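Just below is one structure, and these are the notes that go with it.
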Amino acid sequence: MRHLRDRRKLNRTASHRRAMLRNLVTSLFAHERVETTVARAKEARREAEHLITFAKRGDLHARRQVGRYISDNAVVKKLFDTIGPWYAERNGGYTRIIKTRTRLGDAGEMAYLELVKTEEQKAEERKQRQQEAAAKEKKKAARKKEIADRAPKEKDEGKEEKKAKKAKKDK
């Protein structure tokens, strides 16, 4: 029996399992949402919540402990500067697992592991995405206009050159 054995082995050696979970948690903090199997999500959730608790503390020792687990300095900075303050008033429950589908091929249960956000954060992100989309559309329209302005000039120049060549031939 597996008394007092509370972690999943995930069919990997200890070093492979640790590396996989480190990569999964790093991706979670970088992208704020990852799709993985349910078993992996449940294991990664434990690690992620522990690291977010360190980020809430915010002192140098906590930063160094997180740095031992997450090797990407940009992700560590994001964790301490943005993600940690999100949960300053929250005691645990920083992540959510949403079961999505069964994977084709091996019928593994898939799920999203994501960071829980407040309604204000969601509204702010939605607003930012809309602004980015509007800016992209504006840039696209300006490019189209530039191409349209350039195209008739090139055609007219081509006609003039052809007329000049034709006139030289006629002489």
How far apart, in nanometres, would the label points at residue 149 and residue 2 be if each is projected 7 angstrom from Cα along the Cα-to-Cβ direction? 6.7 nm
Computed lengthening from residue 32 to residue 60, 0.36 nm per intervening residue step minus Cα-Cα distance: 7.7 nm
Percent RCO, i.e. relative contact order, over segment 14-116, from Cα pairs under 8 Å lying at least 6 residues apart: 35 percent
Point-charge dipole on Cβ atoms (K/R +1, D/E -1) for the chain, about Cα centre, debye to 20: 820 debye
Provide the per-residue ³J(HN,Hα) series for segment 30-45, in order, calculated from phi with Karplus coefficients 6.51, -1.76, 1.60 and θ = phi - 60°, each as a whole number of Hz, with x at glycine and proline positions. 6, 10, 6, 6, 9, 9, 7, 6, 5, 5, 5, 4, 5, 6, 5, 4
Out of residues 5 or more away from residue 95 or on other chains, whose amide H comes under 5 Å of its own, with H placed 1.01 Å from N in the peptide plane? 116
If the chain between residue 101 and residue 137 were fully extended at 0.36 nm per residue, the gain over the current Cα-Cα distance would be 9.6 nm
A correct Karplus calculation of ³J(HN,Hα) over segment 86-101, with 6.51 cos²θ - 1.76 cosθ + 1.60, θ = phi - 60°, whole Hz and x for Gly and Pro, returns 4, 10, 4, 9, 10, 9, x, x, 7, 10, 9, 10, 10, 6, 10, 7
Exceeding the 21 Å Cα-Cα cut-off - candidates 9/56; 122/144; 42/117; 42/99: 9/56; 122/144
Are there any GluC sites (Glu not before Pro) in segment 1-108 that are in a DSSP loop and have at most 12 other Cβ atoms within 10 Å? List them by number. 89
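Rule-based calculations on the coordinates, nothing more; no lab input. Note that the structure is a prediction, hence the values are computed from the model and not measured. FYI the Cβ positions are ideal-geometry reconstructions off the backbone, even for glycines, and counts take in every protein chain you see.
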